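See structure below.
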Amino acid sequence: MKKRILLLEDGTHFIGDAIGVDKETVGEVVFNTGMTGYQETITDPSYYGQMITFTYPLVGNYGINRDDFESIQPVVKGVIVREAARNPSNWREQMTLDEFLKEKDVPGIAGIDTRKLTKMIRQEGTLKGLLAPYENETDKEKLLHHLRSVRLSTSQVAEVSSSKPFISPGEGKRVVLVDFGVKGSILKELNKRNCHVTVVPYNTSAAEILNLHPDGVMLSNGPGDPKDVPEAIEMVKGIQGIVPLFGICLGHQLFALANGADTFKMKFGHRGANHPVKELASGRVDFTAQNHGYSVEQDSVQNSDLVVTHVELNDGTIEGLAHAEYPAYTVQYHPEANPGPGDVNYLFDQFMEMMDLEREGRVDHA
């Protein structure tokens, strides 16, 4: 089996077995703690430009199937695993992980100490990394120089958003879904509720959205720093208070920035399917799926019109916001996550109810 090197910007390197396509690539190395769901994770547009380290030791054991895609074309830079299953066993399986990565032009590495790598990321924070075919030790210095010279993209949302609007028809409520890198599962949840969904690009203006006369607007998940999408912040300012608003993940962060709060880059982020989140009003605790490297600054919310509704129990970070006057709320986690806990799927039903109440003029904005 061919050898591959994973080289980090601090000079640390790992030598392992090549999986996926045979090419050199650079990205931000992160880790995901989910025990299942590798297909959904690899195809989640929020991972644009990143190399995913799976902490679960065996990945690919149930293969790749036709149903569990979050997007058709993965945008990850690489896949890092302890062991890649070569003989998957599942009635839905259509190809192996290795075959899938080759087909989708994604390189990967197997057979390295992912526990050590994860501990490094937790201690040092996310790092730039390079995956390349490995021939001999003399390649390392040349590769390290190249890695350190590469600047990671700051236009991730533009790269993964739809280039033009499209419609997913339904007979129910009219929802505009702003695509910052939307997961297919979000659209599925709206379709389940018979919504007529118009998906629009990330840079669609508030006026263009309001001209569609929506009953509500959803702000999707997406990759990168929310401050790199200033046009979306202005759009949120222009629609909130006019139509009901529901935001997820990056949409949550953009909503915060539009209302005067601030965001910051986390040391290593939240990526996995086991994050406990407490709803402050009820005391209810749900386990959630998450994927984000930025968070809303706690102190910045105090001087805004926002109310903190949810917090993460592991580190106390903000996981939900609502506007004090307008029918608008957001969450940092993924209520549509598949696979993952189904605890918070009800948030889509709340969005339906909020649109009904607003239409009837009975909504209590406080």
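The values are calculated or read from the model by the stated rules, or taken from the named source; none is laboratory data. Only a predicted model underlies this, so the values are computations on that prediction, with no experimental measurement involved. We place every Cβ from the backbone using ideal geometry, glycine too, and count neighbours over all the protein chains shown. With ligands, DNA and RNA removed, areas are computed over all heavy atoms of the protein, side chains included. Shrake-Rupley method; radii C 1.70, N 1.55, O 1.52, S 1.80 Å.
Here are a few things to note about the model shown:
- Residue list for segment 135-162, restricted to those being open to solvent by 80 Å² or more (accessible area, probe 1.4 Å), of a type outside the set (Lys, Arg), closer than 17 Å to residue 49 by Cβ and assigned to a helix (DSSP H, G or I): 159
- Residues that are assigned to a helix (DSSP H, G or I) and closer than 30 Å to residue 126 by Cβ are absent from segment 331-346 altogether.
- Any pair with Cβ under 7 angstrom, 6 or more apart, that starts in segment 219-235 at a residue that is among the polar types (S, T, N, Q) and ends at one that is buried (at least 16 other Cβ atoms within 10 Å of the Cβ) and assigned to a helix (DSSP H, G or I): 220/186; 220/251; 221/46; 221/250; 221/251
- Filtered residue count, segment 336-366, keeping only those that are touching a Phe, Trp or Tyr at 6+ places or on another chain (Cβ under 7 Å) and modelled with pLDDT of 95 or more: 1
- Listed conditions (1) closer than 24 Å to residue 289 by Cα; (2) open to solvent by 70 Å² or more (accessible area, probe 1.4 Å); (3) free of Cβ contacts under 8 Å to residues at least 40 places away in the same chain are all met by residue 187, apart from (2).
- Scanning segment 230-251 for residues that are open to solvent by 20 Å² or more (accessible area, probe 1.4 Å) and in contact with a Lys or Arg (Cβ under 9 Å, 6 or more places away or on another chain) turns up at least one hit.
- Filtering segment 163-181 to residues that are of a type outside the set (Ser, Thr, Tyr) and open to solvent by 30 Å² or more (accessible area, probe 1.4 Å) leaves 164, 165, 166, 167, 169, 171, 172, 173, 174.
- Taking the criterion of being surrounded by fewer than 22 Cβ atoms within 10 Å (Cβ to Cβ) and touching a residue at least 40 places away in the same chain (Cβ under 8 Å), the residues of segment 193-218 that qualify are 193, 201, 203, 215.
- Number of positions in segment 119-134 that are within 13 Å of residue 29 (Cα to Cα), of a type outside the set (Gly, Ala, Ser) and part of a loop (DSSP other than H, G, I, E, B): 1
- Entry remark, segment 106-134: residues being open to solvent by 80 Å² or more (accessible area, probe 1.4 Å) and either touching a residue at least 12 places away in the same chain (Cβ under 8 Å) or of a type in the set (Lys, Arg) (or both) number 5 in total.
- Hits in segment 273-289 - residues which are of a type outside the set (A, V, I, L, M, F, W, C) and either out of contact with any Ser or Thr (no Cβ under 7 Å at 6 or more places or on another chain) or surrounded by fewer than 21 Cβ atoms within 10 Å (Cβ to Cβ) (or both): 274, 276, 278, 279, 282, 283, 284, 286, 288
- A single entry from 96, 118, 126, 114 fulfils the requirement of being farther than 20 Å from residue 15 by Cα and not acidic (Asp, Glu): 96.
- Restricting attention to segment 302-316, the residues being open to solvent by less than 20 Å² (accessible area, probe 1.4 Å), within 19 Å of residue 260 (Cα to Cα) and out of contact with any helix residue (DSSP H, G or I) (no Cβ under 9 Å at 6 or more places or on another chain) number 1.
- Qualifying residue in segment 67-76 (condition: more than 22 Å from the chain's Cα centre (by Cα) and not β-branched (Val, Ile, Thr)): no
- Test: residue 243 is in contact with a Leu (Cβ under 7 Å, 6 or more places away or on another chain), over 28 Å from residue 49 (Cβ atoms) and touching a residue at least 40 places away in the same chain (Cβ under 8 Å): no
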